[in-house]
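All of the numbers you see were taken from the coordinates with simple rules; none came from a lab. Note that the structure is predicted; figures quoted are calculated from it, not measured. Here the Cβ positions follow ideal geometry from the backbone for every residue, glycine too, while neighbour counts run over all protein chains shown.
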Amino acid sequence: MRAMPLVFAVVSAFVAAVPSAAGPADDPVRHLRPRDPTAALLLRFGSEKSARFREIVRRLEQSQIIVYIDVRRDSEHPVSGGLNFVGEAHGIRWVRAIVDSGTPSFLETCKDIVRLTSILGHELQHAIEASEAASMRDVGEFERHFRAIGVDEGPRVLDTIAARQTGKWVAAELRGLIRPRTDVTMAATKADSEAAKAPGDGGS
């Protein structure tokens, strides 16, 4: 998996078009919002097949962050992922998780579903990290937060150890190399602890 590209500012009109998160107490807002059928497929596949992925989804659904998910099927963009800052208002943050499939073919995209779903897990871990920042009023604070907690690999690329390990863990569960555990939090903590001792290269 390639490291998370640096984020870019999204036009404020997009934020204004987002429906208000305020609503009746018995009508909770869904925090993970796939914006195309392929994104919905990856989200469903990960939730059904990976305990680590389900834990990430659960945490995001209990957070104050809204995550739009897009799968970009375009041969001009190699297989990778990224998280973009959208905005913050009234205590709610918006981000956009992008997964690049590297091909315009839906069939070829489906053949690579394990790798692409693990990339989505990687980016959703970044969304959790974004939700934990004390302040995120603009893209500058977004970038500074990830530079503070992450692995700075140059002016165009940054990442975090936790996201790298999440992507690897999700991929292993999806391939059946790791048996899903009920106590996924304990397993995740152990994996992150081991990662801190020997950082990986972000591959999956």
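For GluC sites (Glu not before Pro), the sites in region 72-109 that DSSP calls loop and that have at most 11 other Cβ atoms within 10 Å are Glu76. For region 29-123, the normalised intensity computed at q = 0.10, 0.19, 0.24 Å⁻¹ comes to -0.25, -0.85, -1.26 (log10 of I(q)/I(0), Debye sum over alpha carbons, equal scatterers, no solvent). Computed extension length for Glu61-Cys110: 15.1 nm, one decimal, from 0.36 nm per residue of separation with the Cα-Cα distance subtracted.
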